[in-house]
Each structure stands twice: as C-alpha cells, then as structure tokens.
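*Asks:* Take a look at this one; I'll ask things after.
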Amino acid sequence: MKKNTLLALSIAVLATAAGCNKEEPLSKDAGLEGVNVTEGDAGSGHAKLFVLNEGNYQKNNSTLDFFRFKDGNYVTDAFSSMNPNVTQGLGDTGNDIALDDGRLWIVMNGSGMVHVLDAKDESLIATIKVPDPRFIAFGKDYAYVSSYAGAVYGGEETKGKVFRVDRRKFTVEGSVEVGCQPEGIAVSGGTVWVANSGGYNYVHENTVSMIDEASFKVKGAVDVASNLHLLGSDRDGRIWVTSYGVSTWNQDASGNWVQEMSEPMGLFKVTGNGSETIAGVHASIMTCCDDGSVYTIGNASEMSGGFDNTLYKVDASTGAVKAVSLSGTDASKVSNPYGIAVNPDNGDIFIADAPYTGPGKVWCFTKDLTLRWSAVAGMLPAHMVLY
C-alpha cells in the first residue's frame, strides 16, 4: 500500500510540474514591442492600460495605444497594427472607450460608428453605425450610446438621443429622445442616466435624463447645473456628473476677447430626486474608481483668472474631499490634463496630457503624485481603461 501511494504521489507531482512548464499561448499582439518605459510588473492585477487618442477633428488620425504591465512597454497605434486590412484605421475623433466582457467598445464621434474589439489582441470584431455618438455604458443585455443625433451649430435646440445596441448581436435595437447634445452616460439601478449639455445652444441644458432600462422610455429628468459633461457611476451605483460651468466671452478695451466665468466647472452627486454640489471641487476631467473614490482634476483658480491644476479625491460614500495642487509635485510636468484613470489595486494615477500642438503623453504617478513612468502617445490622448 505504501509503495502504491508513493507511486501515485510521484505521478501527481510530475503531472503538476509538466502543467506548470507548459507555456501559455502568446497573444496575437505579443510581437508589438513598442517602447519600454518602465520595469515590467508580471504580478499586476491588470494586463494593459488602453489609451484612446482622440485625434484632430476631421483629420481621421485617432489611434489606440496600450501600456503592457508585464514588460513595461508602451505600444502606439495598436489598432492599425493588428487590423491592417481596415484601410481607414480607427477613424475620426475617438470620444470614449469602455470594457465589457473582454471586449473594448470604442466610440468614434466623427466617423459615426462604434467599434468592438477583442481586448486580448485589439482585433476588430464588429463595427456599428451610430450617428454622432459621444459616450457608452452597459446594462444587462444592451450597450447604451449617447448621441447628438443631428446638426448642432447655429444655436438651434436639436434634441439628442440614446441608442440601444445588443451586446451580443452588435445591432442597434432602437433609440429614445433626451435633451440637447447628451454627453456622459451610465447605467445604475435599472436606470440609464445621461447628461444633457446643450453646449451648442444659445441657452445650455442643465438636466440629467433618466431612462427606464426595462421599457427603454424616459421616466424623468433631474435639474443639476448648466452645460453638463462627464457622467459615471461609482462601485455602489451612485451617479456623479461634471459641469463645464458658465462662461461668457466679451471684448476688452483693446478689442481682445476675454472669457469671464460666472460659475466654475463643478462636480455633482445625482439622485432621482435631485442633486448635491460637491463644494470646492473643480472638474474638467473625472473618473469613478472601484476603490470607492471619485477623482477629478480642475483649475482651482479659474474664477480669479489664475491657473492651478488640482487633483481632487472624493470619498464616494461620505463626500469628503482631499485636494492636492499638482504644482510642487512630479505631476506639475503635466501641461494639459485631458483624461484620468486610477488603478484601484495600488492607487496609481494615469493622466492623459494633450498639448494640442503635437503628440501627447501619458503619465503614471503613485497615489502621492510621485512619477512612475511616462510615454509619448498619439494626438490628444484622452480616454483610458484598464484591462
């Protein structure tokens, strides 16, 4: 009996060792080396950080980059490399990127389409036509895409729409009308929430529309603030939305046009009954992180005409705010914060930096804003998602 037991144990150990030595198949994009920007972290809880570069409007130069945690390499224009038969590349004006069930959904505003990619290797799965798409969110069976749904110039009040897309068939299954020029969107508690901006109207919108997910009909709207922009839900389903603020342009005595702010860019918590202003928080960019916090960056001196980029960390459950000026930290090197993402595992903060005049950069800082690495990206890096 003892000999048989020992033999069986030896066979099991050898089988386990053989299994451990068997190499996992390489992803199709493993050959994309890119530029090494830091030491790799094979033990990271994520494989990649995807970066969508908006590109210049009507220049068809949007691109998709990624940072690979395993080897510390930053790869530019991965979509074109992995999809050489797509002659027009990613398309025009990438406006949002989101991850759903191992697939990347990329919203191309200028091209009027939404791409679906395999997140493992950036290979194209499907392309869905949606007019003037802006942002995307996911429910149980559908993806929801906010859309301007028509011409916006000239100050006319053109109502926007939310389109419903089957997450498995990749087909549009209807639309519903909301406010003018809808922007950020999220799904929480059986409701689709969408921020109406009216940003091209003579008078801006100030509402968040609520769509019943089951019936796909508008069930109400909440007054929040003028010219709403980004909207997201935290890990507990609370809804957060930013406002561009209120500003006017006037000519001074010398004929120069001067922007005058009457309301700052702000952050608001929204419920079905109303909204709450998060006092003292300026928000030009925002992300809701699974660590239970909402992060924004904004100019703390915008009302006085100064310039002080500040990082705000808001506890989503208590509303407590921690504010840190980028000045005096490694993050002072960021010229124009255009997008933000946060790793919930270790608090690392990723900031997309878009100088407009040339290729942008992606910066990675620790939670105390000490630089980890930076990489040269494409034109106007703005939207990021961890995979």
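The values are calculated or read from the model by the stated rules, or taken from the named source; none is laboratory data. Note that the coordinates shown come from a computational prediction; the quantities given were computed from them, not determined experimentally. Backbone-built Cβ (ideal geometry, glycine too); neighbour counts: all protein chains shown. All accessible areas refer to the heavy atoms of the entire protein, side chains included, with ligands and DNA or RNA removed. Shrake-Rupley method; radii C 1.70, N 1.55, O 1.52, S 1.80 Å.
*Asks:* Just to be sure I understand, how many residues within region 207-234 are assigned to a loop (DSSP other than H, G, I, E, B), of a type outside the set (Gly, Ala, Ser) and within 15 Å of Val187 (Cα to Cα)? Explain how you work it out, then say what you get.
*Replies:* First pass over region 207-234, keeping only residues assigned to a loop (DSSP other than H, G, I, E, B): 213-216, 224-227, 234.
Filter again for of a type outside the set (Gly, Ala, Ser), leaving 213, 216, 224, 227, 234.
The next check asks that each one be within 15 Å of Val187 (Cα to Cα); those that pass are 213, 216, 234.
Within region 207-234, residues that are assigned to a loop (DSSP other than H, G, I, E, B), of a type outside the set (Gly, Ala, Ser) and within 15 Å of Val187 (Cα to Cα) number 3.
*Asks:* Also, quick follow-up: Is at least one residue of region 127-138 out of contact with any Phe, Trp or Tyr (no Cβ under 9 Å at 6 or more places or on another chain), open to solvent by 30 Å² or more (accessible area, probe 1.4 Å) and charged (D, E, K, R)?
*Replies:* Yes; the residues of region 127-138 include at least one that is out of contact with any Phe, Trp or Tyr (no Cβ under 9 Å at 6 or more places or on another chain), open to solvent by 30 Å² or more (accessible area, probe 1.4 Å) and charged (D, E, K, R).
*Asks:* Would you point out which residue out of Gly139, Gly150 is out of contact with any Pro (no Cβ under 8 Å at 6 or more places or on another chain) and under 22 Å from Thr207 (Cβ atoms)?
*Replies:* Working: Gly150 fails: out of contact with any Pro (no Cβ under 8 Å at 6 or more places or on another chain).
After applying the criteria, what remains is Gly139.
Table: residues versus (1) among the aliphatic types (A, V, I, L, M); (2) touching a strand residue (DSSP E or B) at 6+ places or on another chain (Cβ under 7 Å).
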| residue | (1), (2) |
| --- | --- |
| Lys169 | no, no |
| Val172 | yes, yes |
| Gly179 | no, yes |
| Gly184 | no, yes |
| Thr191 | no, yes |
| Gly199 | no, no |
| Glu205 | no, yes |
| Ala214 | yes, no |
| Lys217 | no, yes |
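*Asks:* Right, next: Tally up the residues in region 124-182 that are farther than 20 Å from Gly220 by Cα, modelled with pLDDT of 95 or more and among the small types (Gly, Ala, Ser), please.
*Replies:* 2
*Asks:* Going by what's in this entry, would Asp290 be described as more than 22 Å from Phe135 (Cβ to Cβ), open to solvent by 30 Å² or more (accessible area, probe 1.4 Å), at pLDDT 95 or above and among the charged types (D, E, K, R)?
*Replies:* Criteria not met by Asp290.
*Asks:* For region 160-170, enumerate the residues that are touching a residue at least 40 places away in the same chain (Cβ under 8 Å) and open to solvent by less than 20 Å² (accessible area, probe 1.4 Å).
*Replies:* Val162, Val165
*Asks:* Which one of the conditions (1) in contact with a strand residue (DSSP E or B) (Cβ under 6 Å, 6 or more places away or on another chain); (2) surrounded by fewer than 22 Cβ atoms within 10 Å (Cβ to Cβ); (3) in contact (Cβ under 8 Å) with a residue 40 or more places away in the chain does Thr329 fail to meet, given that it meets all the rest?
*Replies:* Condition (1) is where Thr329 drops out.
*Asks:* Scan region 143-159 and give yes if some residue there is crowded, with 21+ Cβ neighbours inside 10 Å and among the acidic types (Asp, Glu), otherwise no.
*Replies:* Within region 143-159, none of the residues are crowded, with 21+ Cβ neighbours inside 10 Å and among the acidic types (Asp, Glu).
*Asks:* Moving on to the next point. Give region 349-387 a look and list any residue that's at pLDDT 95 or above, more than 22 Å from Phe135 (Cβ to Cβ) and open to solvent by 10 Å² or more (accessible area, probe 1.4 Å), or say none.
*Replies:* Within region 349-387, the first condition is being at pLDDT 95 or above, and the residues that meet it are 349-354, 359-387.
Checking which are more than 22 Å from Phe135 (Cβ to Cβ) leaves us with 359, 361, 363-376.
Those that are at pLDDT 95 or above, more than 22 Å from Phe135 (Cβ to Cβ) and open to solvent by 10 Å² or more (accessible area, probe 1.4 Å): Pro359, Lys361, Trp363, Thr366, Lys367, Asp368, Thr370, Leu371, Arg372, Trp373, Ser374, Val376.
*Asks:* I'd like the residue in region 245-255 that is under 13 Å from Met303 (Cα atoms) and not hydrophobic (A, V, I, L, M, F, W, C) and, out of all such residues, is least open to solvent (accessible area, probe 1.4 Å).
*Replies:* Once the filter is applied, the top-ranked residue is Gly245.
*Asks:* Being part of a loop (DSSP other than H, G, I, E, B) and under 30 Å from Gly150 (Cβ atoms) narrows it down to one residue among Leu90, Leu32, Leu52; which is it?
*Replies:* Answer to the selection: Leu90.
*Asks:* Given (1) out of contact with any Pro (no Cβ under 7 Å at 6 or more places or on another chain); (2) of a type in the set (Val, Ile, Thr); (3) open to solvent by less than 10 Å² (accessible area, probe 1.4 Å), identify the lone condition not met by Val114.
*Replies:* (1)
*Asks:* Hey, another quick one. Of the numbered conditions (1) of a type in the set (S, T, N, Q); (2) buried (at least 20 other Cβ atoms within 10 Å of the Cβ); (3) modelled with pLDDT under 95, Asn201 satisfies every one except a single condition; which is it?
*Replies:* (2)
Let's see how each residue does on (1) buried (at least 22 other Cβ atoms within 10 Å of the Cβ); (2) out of contact with any Ser or Thr (no Cβ under 9 Å at 6 or more places or on another chain); (3) under 19 Å from Gly272 (Cβ atoms):
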| site | (1), (2), (3) |
| --- | --- |
| Val218 | no, no, yes |
| Val222 | no, no, yes |
| Ala225 | yes, no, yes |
| Trp257 | no, yes, no |
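*Asks:* For region 305-316, indicate whether the set of residues that are basic (Lys, Arg), more than 18 Å from the chain's Cα centre (by Cα) and over 24 Å from His204 (Cβ atoms) is non-empty.
*Replies:* Among the residues of region 305-316, not one is basic (Lys, Arg), more than 18 Å from the chain's Cα centre (by Cα) and over 24 Å from His204 (Cβ atoms), which makes the answer no.
*Asks:* Can you find even one residue in region 88-109 that is at pLDDT below 95 and farther than 26 Å from Tyr356 by Cβ?
*Replies:* Checked against the condition, which is being at pLDDT below 95 and farther than 26 Å from Tyr356 by Cβ, region 88-109 yields no hits at all.
*Asks:* Taking region 334-379, which residues are among the aliphatic types (A, V, I, L, M) and farther than 15 Å from Thr296 by Cα? Even if it seems obvious, please write down each step before you answer.
*Replies:* Of region 334-379, the ones among the aliphatic types (A, V, I, L, M) are 334, 340-342, 349, 351-352, 354, 362, 369, 371, 375-377, 379.
Correct list: Ala354, Val362, Leu371, Ala375, Val376, Ala377, Met379.
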